[in-house]
1. Looking only at residues in the range 43-55 that are open to solvent by less than 100 Å² (accessible area, probe 1.4 Å) and within 19 Å of VAL24 (Cα to Cα), which one is modelled with the lowest pLDDT?
2. Within the range 56-93, can you find the residues that are assigned to a strand (DSSP E or B) and closer than 20 Å to HIS28 by Cα?
3. Which residues, counting only those in the range 66-101, are in contact with a strand residue (DSSP E or B) (Cβ under 6 Å, 6 or more places away or on another chain), within 20 Å of PHE14 (Cα to Cα) and open to solvent by 90 Å² or more (accessible area, probe 1.4 Å)?
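The values are calculated or read from the model by the stated rules, or taken from the named source; none is laboratory data. Quick caveat: nothing in here was measured; it's all calculated off a predicted structure. Reconstructed Cβ throughout: ideal geometry from the backbone, glycine too, with neighbour counts over all protein chains shown. Just so you know, the surface numbers come from the protein's heavy atoms only, side chains and all, with ligands and any DNA or RNA stripped out. Shrake-Rupley method; radii C 1.70, N 1.55, O 1.52, S 1.80 Å.
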Amino acid sequence: YQMFNVTLSPKIHFVFNDTDITSVLNHHDGEIKFTGVMTIHNISRPITLVSKGHMEKGTLMCEGQMRVHLKDYGLKAPSILGLIRVNDEVAVHYNIVFINK
């Protein structure tokens, strides 16, 4: 929590600019890739999210996981008592839901 300095940068943004959902449109499970830009701590980087997707009652449900390297976003890995360094990677689990209205 402190590592992300949420007081100065309270939000993490992902703006996607391309995806292909044809593999799941006919109610089949499939892999969906979202390419876009992730912004953490006011630093933006291009990324690709790889998700498992499926259609459920007209709603596209996607879930996945990605690894964020803290130094890529100007963040420093925390340490325990200043002696033991924690890994530079953070696992982020996400759900993306598209609702057909």
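1. Step by step, filter the range 43-55, then rank; the result is MET55.
2. Selection gives GLU56, THR59, LEU60, MET61, CYS62, GLU63, GLY64.
3. Answer for the range 66-101, where residues must be in contact with a strand residue (DSSP E or B) (Cβ under 6 Å, 6 or more places away or on another chain), within 20 Å of PHE14 (Cα to Cα) and open to solvent by 90 Å² or more (accessible area, probe 1.4 Å): ARG67, HIS93, ASN95, ILE99.
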